[in-house]
Amino acid sequence: MTGQLIDGIAIGKEIREEIKERVGVLVDKGCKPGLAVILVGDNSASRTYVKNKQKSSVEAGMKSELIELPDTVTEAELLEQVTRLNNDDSIHGILVQLPLPKHIDENLVIRAINPAKDVDGFHPENVGKMIIGQRSFLSCTPYGIIKLLERTGTEIKGKHAVIVGRSNIVGKPMGQLLLQRDATVTYCHSKTEDLAAFTKQADILIVAIGQTKFISGEHIKPGAVVIDVGMNRDENGKLCGDVDFASAKEVASAITPVPGGVGPMTITMLLKNTLHSAETACAEGKCSQ
Ligand code: GUN
């Protein structure tokens, strides 16, 4: 068996077209959505992610503001920027690219972002609302995975979803979003004993552990849908996920490639959250250009 490829580029493009149309409606009303990204220091991976986020927001018709700060910036200076953006009506989404330098308290910075502009969905208010099923900004990667599952017609209700990884950004919220859609959810992680005993039960297997080839064909139940969140470099410097694609695709009914699976969906959902924030501000008469 060879699994169907879940094409995140194509699905992301479809959703971005829908977003662009809705951005056009807002622009016509004088409410151009604005996304501000704060980049601290000179981490090359972060710089690439930020560049892609900016490019995509501009392509969607949004205003994009990049605030670059040196890695010597103080916590107070960074918080000052966040406050300025919180008070800027032309900005609807604020994203502080992580990781931050060690001398800055990441949680403090996240808590300083106005929850109504927290398009990453990292603020404790948004995380709490998500868990109790209230409307909130959803963390972009798990939100994007839900869209991938929905748009490929994958049944979630009643299915056993196994999440490998328990980060605050992906693993934990992923399980909650699947639970809300009536999946039975199991969390596995780096300390799980007999990992394969769990993963082999998964109808939907989500892997977000950050290790090359952590999961291969023998961990997977025949016919499972496999979502690979990993973004690693192999021994030749080639981009690869957490799943050994070659063996997994022989067992799975559908699988995301790396690159071209989850990655494009993460940025798409960031745009969707920013659009939603701008639509809310516009409806409340709070926008300016
Ligand atoms: N660093 C890695 N992924 C992310 C993300 O989704 N948002 C932010 N702010 N930083 C990140």
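Straight-line cross-link reach from Lys159 at under 22 Å between alpha-carbon atoms covers these lysines, not counting any fewer than eight positions away in the same chain: Lys147, Lys172, Lys200, Lys221, Lys249.
Summarising the amide proton neighbourhood of Thr184: residues at separation of 5 or more, or on other chains, whose placed amide H is nearer than 5 Å comprise Gly158, Lys159, His160, Ala161. By the rule of a second cysteine Cβ within less than 4.7 angstrom, the chain holds isolated cysteines at Cys140, Cys188, Cys240. When the convex hull of its Cα atoms is viewed from all sides, segment 77-176 shows a mean projected area of 7.7 nm².
On a per residue basis, segment 213-289 carries 40 Å² of accessible surface, using protein heavy atoms and a 1.4 Å probe.
Can you sort Glu150, Glu279 by 1.4 Å-probe accessible area, starting with the largest?
Glu150, Glu279
Roughly speaking, what is the stretch gain from Lys157 to Lys55, that is 0.36 nm per residue apart minus the C-alpha to C-alpha distance, in nm to one decimal? Computed gain between Lys157 and Lys55 is 33.1 nm.
Membrane-span-like helices in the chain, defined purely by DSSP H runs whose alpha carbon atoms cover 24 Å or more axially and whose average Kyte-Doolittle hydropathy reaches -0.5, are 8-28, 262-283.
Distance between the 7 Å Cα→Cβ label points at Ala196 and Glu125: 4.8 nm.
Pairs exceeding a 25 Å alpha-carbon distance, out of Lys238/Lys272; Lys20/Lys129; Lys20/Lys51; Lys51/Lys102; Lys20/Lys117: Lys238/Lys272; Lys20/Lys129.
Order the peptides 9-17, 238-246, 188-196 from the highest to the lowest mean number of other Cβ atoms within 10 Å of their residues. Mind dumping the intermediate values first?
On the way: 9-17: 16.1, 238-246: 20.0, 188-196: 13.6.
Going from most to least packed, we get 238-246, 9-17, 188-196.
Across the chain, Cα pairs under 8 Å and at least six residues apart give a relative contact order of 24 percent. Taken one residue at a time, the phi angles of segment 201-214 give Karplus couplings (6.51, -1.76, 1.60, θ = phi - 60°) of 8, 7, 7, 10, 10, 10, 10, 9, 10, x, 9, 4, 6, 5 Hz. Gly and Pro are set to x. The amide H of Gly261, built 1.01 Å from its N in the peptide plane, has Gly8 as neighbours under 5 Å, considering only residues 5 or more places off or on other chains.
In a fully extended conformation the segment linking Glu284 and Glu68 would gain 74.7 nm over its present Cα-Cα distance, using 0.36 nm per residue. Helical runs assigned H by DSSP (4 residues or longer) give the chain a calculated mean residue ellipticity at 222 nm of -12500 deg cm²/dmol, each run adding -39500 (n - 2.57) before division by the residue total.
How many angstrom separate the Cα center of segment 56-77 from the Cα center of segment 266-289? Here the two parts' Cα centres lie 17 Å apart.
The values are calculated or read from the model by the stated rules, or taken from the named source; none is laboratory data. On a predicted model such as this, the values are computed, not experimentally measured, just so you know. Neighbour counts run over all protein chains shown; Cβ positions are idealised from the backbone, glycine included. When the accessible area is computed, the model is the full protein with side chains, heavy atoms only, and any ligands, DNA or RNA have been set aside. Shrake-Rupley method; radii C 1.70, N 1.55, O 1.52, S 1.80 Å.
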